[in-house]
Structures are given as structure tokens and as C-alpha cells.
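The values are calculated or read from the model by the stated rules, or taken from the named source; none is laboratory data. Because the structure is predicted, anything quoted here is derived from the model rather than measured. Neighbour counts are summed over all protein chains in view; Cβ atoms, including those assigned to glycine, are modelled from backbone coordinates with ideal geometry. The protein model used for the area step is the full one, side chains on, heavy atoms only, and it has no ligands, DNA or RNA in it. Shrake-Rupley method; radii C 1.70, N 1.55, O 1.52, S 1.80 Å.
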Amino acid sequence: MDYSKKISTQVGAVPRSGIRDFFELVQGRDDVISLGVGEPDFATPWHIREAAIYSLEKGQTSYTSNLGLVKLRRLIAEYVEDFFHVNYAAGDEVIVTVGVSEAIDLALRALINPGDEVIYHEPCYVSYSPSIVMAHGVAVPVATTKDDGFSLKASALAKVITPKSRVLMLNFPTNPTGAIAPRKDLEEIAELCIKHDLIVLTDEIYSELIYDDVPHTSIASLPGMKERCVLLHGFSKAFAMTGFRLGYACAPAPLIDAMMKIHQYSMLCAPMTSQVAAVEALENGAKAVEEMKRAYHQRRDYMVRRLHEMGIDCHLPGGAFYVFPDIRKFGLSSKDFAMQLLEFTSVAAVPGDAFGESGEGFLRCCYATSMEQIVEAMDRMEQFLKSL
Ligand code: PLP
């Protein structure tokens, strides 16, 4: 049977993730140091795992309310108010999801009609464009540049807004560049969103991981923005809980209600065990987050310093756990550079073009791996550059 004719056009149009393709090459090689996969090397803090185990011992193995445990939603609303300075009602403005991934999908499917344009800044997380396309939207990337610190500028955004623009997706700190957006940039973007009546999906998944005491601003906290924002956040990164698959969205009640319709028919609810673990994370996890953040901060500084010493141009990422060095001067494409680095030194880093066209000429190196591994990877990379 010709299965290509059986697959929906929407899904058929979506390419496989460039990251996955690259990491299939790494599978089965035990000599590889991976600066590739964007997930914490820390196990989930023990007290959070223990809460999950204890909930299983107590037989808490049922469905929860579709929106999520009442206690968890109350804690999320309190946390978001404290951390992002935006006030949401736990009863109808918060939905607990299976990771931020599900929250992105729900928001896009709830908001866009076929042909609506969704704008996002690039280089960006690999799932944005495919998620837009699978929700029958039109993906409209706006390139950001190293010179602008990979922040989105309102002037660049203004150029791509059309009468069909409906949603803007933001992600600061950004995967893969670690960029943070200065408050002034966000204020100018907010003004445009209000003027053109755009809804903003703001993916805040790395917002705890901002270094150098720079305060974080969520666009949802700016005047007039709460009513047009869907704030997406979760437990994967800061709490090192990727495998728990837990995230949430906060938004005005009619938007949460629309997202909830899709969630209740497709997912029903997020896993009970993970929700209980998330309650523990929010009640007692702050210290562990701080400790992990301190380690990431040290690793970031070390990696950026070593790259500079090798003569590689690399902006200082303000957050997340990625550095995004500029490798254009070596005259190789991102893919060739990454392939040769892997072949000759067994160091795996992701070619920048996996994050969109504007990532070409860069490499994503994730520092959510041990300091010993980072030191060794940088030594090997230094040798590799000498051989080029
Ligand atoms: N958003 C961004 C920017 C990410 O980098 C990731 C994962 O890497 C996600 C969302 C997905 O997160 P989750 O594990 O909560 O689904």
C-alpha cells in the first residue's frame, strides 16, 4: 500500500526533527560526549520523586479533574503571581497539561483557523513551526540576529504583520540561543500586538534559568497584555522533571475553556502521579532549583570563556542552558561542522539550522551536562579547530 497517500496532507508536510535525525547518528556510540539533548542532567530532586512514589503507595492512581488537581492549580496561580506578577484565577484561568508541548498544541488548535498566520522568532524551538502547520496555520518566522542578542525587535515584527496575522509566539529565554528580551523590546512588541489585535503565546519554560541577576519580564505582565496572552510554563527544565511530562497554561477563562475542550477529548487529564509531584515541587522545590541554576551558571561561564579562547564568536546567553556559537568563519555549514566534530572528536552538538534557516552558521551546545564532560568536550573541540 502507498501509505504516503493515506497520511494527512498536514502531517505529510511536516519534516522530521533535525535534532532527532542527528542524534540517531549518536545512538549506540558510547564514546560520545553529548552537548545535544536539551534536558537537565540532574535527576528530579529526591523529595519530589519521593512525593510521587508515596502517592502511588497510597493508591492515588485515578484520573483527576480535566483541568488538573485543584490544589495544584491553586499553587500554580500563586507561583505565577509571585514569579511573573500576573494574577490568574485558579478555578478557570489555569489548565494543567502534559508538558508545555501539549499546552502549545492546545493553544494553537484553539486559536487558529485554517490559513491564519502565526508569527514566531527564529532560531526557535523545533516544534513551533510543525505545531503551527499541524494546527492548519501558516508559520511566519522572523529572523533574529546575534547583533541584536537574538531578541525580537518590534521593527522586524512590524514587517511581517498582515491582516491574516492572528498569533505571536514568544520564547524568552530562548531555545536554542539562550536569548532574553530586554523589557523595552517587550514593551514595543506589546504595543504592536495591541494595535494589530494579536494573541500572544508566551513560552516561559526557561524563565527561572536567567543568570547575572537580570530580572525576568513576561510580556503577560505588561499593561493591557494579560487579556491577550496565553502564558505557558512547566516543570521540565527548572525542576528537572522532563519525564514527568507536566506543564500548564494560564489565560483568560474563555481561552482556557477552548483549550480545555481539546484537552478533555484528547488527553482527559495530565497524569495524577506527576501532578502530585508538581505540588511538592511548588511547595518545597525552590532551593533545589536555585542549586541547579547555580551549577548551570558556572557551566555557562566556563563554556563561553573556552569558546572565546578558541577564537569563536559567541554571545553571552542570558538564560536557559544553551550557548549558540557563531561558526561561520570556519567555512563549513552547520551540519558539516557538527558532523565533523562528531566524527573526529565524538562531541555531539546540534547544527543551528535544526532551529530554522536563521540558525545556519551556528551550533547549539547544551551545558546541562556535568562540568567534567564540558571540560573534556571543550578540550576536544579545541583540538578539532586546530585541525581545520
Ligand atoms: N518549549 C521550549 C522552548 C522547549 O525548549 C521545550 C523542550 O525542550 C518545550 C517547550 C517542551 O517542554 P515540555 O517538556 O514541558 O513539553
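Could you size up the charge dipole of the chain around its Cα centre, putting +1 on the beta carbon of Lys and Arg and -1 on that of Asp and Glu, and report it in debye to the nearest 20?
Working: 37 positive and 50 negative charges, 125 e Å.
Magnitude of the dipole: close to 600 debye.
With Cα atoms defining each centre, the range 1-58 and the range 88-159 are spaced 21 Å apart in the structure. Within the range 12-162, all pairs of alpha-carbon atoms sorted by distance into 5 Å bins from zero give the percentages 2, 7, 10, 12, 15, 17, 16, 12, 7, 3, 1, 0. Placing +1 on the Cβ of every Lys and Arg and -1 on the Cβ of every Asp and Glu, with nothing else charged, gives the range 1-54 a dipole about its Cα centre of roughly 360 debye. Quick one: Debye curve from the alpha-carbon atoms of the chain only, equal weights, vacuum; give me log10 I(q)/I(0) at q = 0.09 Å⁻¹ to two decimals. Values returned for q = 0.09 Å⁻¹ are -0.53.
The phi torsions of the range 355-371, fed into the Karplus equation with coefficients 6.51, -1.76 and 1.60 and a -60° offset, translate into couplings of 9, x, 3, 6, x, 4, x, 10, 9, 9, 10, 8, 9, 7, 9, 5, 4 Hz, rounded to whole numbers, with Gly and Pro shown as x.
Given a 1.4 angstrom probe, I'd like the percentage of the accessible area of the chain that is carbon and sulfur, rounded to a whole number. Don't jump to the answer; show the numbers that get you there.
Numbers: 8720 of 16650 Å².
Answer for the chain is 52 percent, counting heavy atoms of protein chains only.
Springs between Cα atoms under 10 Å define the GNM used for the chain, and in it the highest mean-square fluctuation of Pro215, Pro176, Pro123 occurs at Pro215.
The alpha carbons of the range 93-191 occupy a box of 33, 30, 26 Å along the principal axes, longest dimension given first. Of the residues Ser266, Pro252, Val86, the one whose Cα sits farthest towards the positive end of the charge dipole of the range 46-284 is Ser266 (charges of +1 on Lys and Arg Cβ, -1 on Asp and Glu Cβ, taken about the Cα centre). Placing unit charges on each Cβ (+1 for Lys and Arg, -1 for Asp and Glu) gives the range 46-284 a dipole about its Cα centre, and among Ile53, Ser65, Ala158 the Cα reaching farthest toward its positive end belongs to Ser65.
A simple count of charges around Pro271, restricted to other residues whose Cβ falls under 12 Å of its Cβ and scoring Lys, Arg +1 and Asp, Glu -1, yields 0.
If you run the Gaussian network model on the chain, springs between alpha carbon atoms under 10 Å, then out of Gly319, Gly149, Gly28 the most flexible one is Gly28.
Beta-bridge orientation, the chain: approximately 45 percent antiparallel, per DSSP, counting only bridges with both partners inside.
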